[in-house]
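K.L.:
Just passing along the structure, written as structure tokens.
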Amino acid sequence: MKSSIRNNHPHPEETVNDWVSQVIIRKGKRTDLPQMEWDGEFTHLRQIYANTYKRSRAGLARIWVVEFHPQVIIGQVLLQLKSIREDLADGVDRAYLFSFRIKPKFRSQGLGALLLTAAESDVQQIGFHEMTLIVSKVNERAIQFYQQHGYRITAPERGEWVYRDHNNERHKVVDPGWKMVKVLRRY
Ligand SMILES: CC(C)(COP(=O)(O)OP(=O)(O)OC[C@H]1O[C@@H](n2cnc3c(N)ncnc32)[C@H](O)[C@@H]1OP(=O)(O)O)[C@@H](O)C(=O)NCCC(=O)NCCS
């Protein structure tokens, strides 16, 4: 692994899957934004990614990516450090994790765990002690993944949110979910 963030849980297959050693976990750059749309699957989220990048420049958000080989983005996670919903992100103690995904053919190799750890360490280092997220009730694999990483369900969420797509058209999403919370270790 080239990154300073190394996989501390080597899997027996790791020597076979030597592509895993080509992976770097790093902060997202402006030039990563187009690749975060995954060849069209997430083009509709362009404004969200651009706004989050802008907020990251102002210290209000974070973007972490998984880079495979030179400059191929295969996963990402976004963080809001401050939100109008203070129960999700309050700017001082609590951060909100969203748009966390690894490209399908790269899943189940420990990259999600690495990316999550990078995001958690990042906010811990600036003094935050809690990570929150909202996961769809039907996304059982992700719920299990988060539980294995110390997240606990704390409340149901109506899962209603509004965004503007790349054509500036307004969309309303209704996807009932669970709010999950992890208390992060204090340094
Ligand atoms: C959730 C998600 C980000 C996890 O990413 P991932 O890279 O598959 O995560 P990991 O590989 O760290 O862990 C996943 C599984 O692989 C297993 N695993 C971990 N390291 C492994 C390795 N080296 N080799 C094989 N399996 C491994 C883990 O035991 C884990 O098992 P589980 O599914 O029973 O929990 C990914 O599934 C994803 O992108 N899902 C779609 C988007 C999504 O739902 N995001 C969450 C929205 S809130």
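K.L.:
Using 0.36 nm per residue of separation minus the Cα-Cα distance, give me the extension gain between Ser136 and Asn168 in nm, one decimal.
P.N.:
Roughly 9.0 nm would be gained on extension.
K.L.:
Given bins 5 angstrom wide, list per bin the percent of all Cα-Cα distances in the chain, short to long.
P.N.:
Result returned by the calculation: 1, 7, 16, 20, 21, 18, 10, 4, 1, 0.
K.L.:
So how strong a dipole does the chain carry about its Cα centre when Lys and Arg Cβ are +1 and Asp and Glu Cβ are -1, to the nearest 20 debye?
P.N.:
Computed charge dipole of the chain: roughly 400 debye.
K.L.:
So which residue, out of Leu33, Leu81, Leu115, gets the largest mean-square fluctuation from a GNM of the chain using Cα contacts under 10 Å as springs?
P.N.:
Leu33
K.L.:
Tally the DSSP beta bridges in the range 17-183 and give the antiparallel ones as a percent, rounded to 5.
P.N.:
90 percent
K.L.:
Continuing with the same structure: Of Ala89, Ala118, Ala155, which has the largest mean-square fluctuation in a 10 Å C-alpha GNM of the chain?
P.N.:
Checking each option, the largest mean-square fluctuation is seen for Ala155.
K.L.:
Which entries in the list Lys54/Lys179; Lys27/Lys82; Lys105/Lys179; Lys29/Lys179; Lys82/Lys105 go over 23 Å, if you measure between the two C-alpha atoms of each?
P.N.:
Lys54/Lys179; Lys105/Lys179; Lys29/Lys179; Lys82/Lys105
K.L.:
Another question, if that's okay. For Thr154 paired with Gln22, estimate the spin-label separation in nm (one decimal), with each label point 7 Å from Cα along the Cα-to-Cβ line.
P.N.:
Inter-label distance under the simple model: 4.0 nm.
Each value in this text was obtained by applying a stated rule to the coordinates, not by laboratory testing. Model, not experiment: these values are computed from the prediction. With ideal geometry, Cβ positions are generated from the backbone for all residues, glycine too; neighbour counts draw on all protein chains shown.
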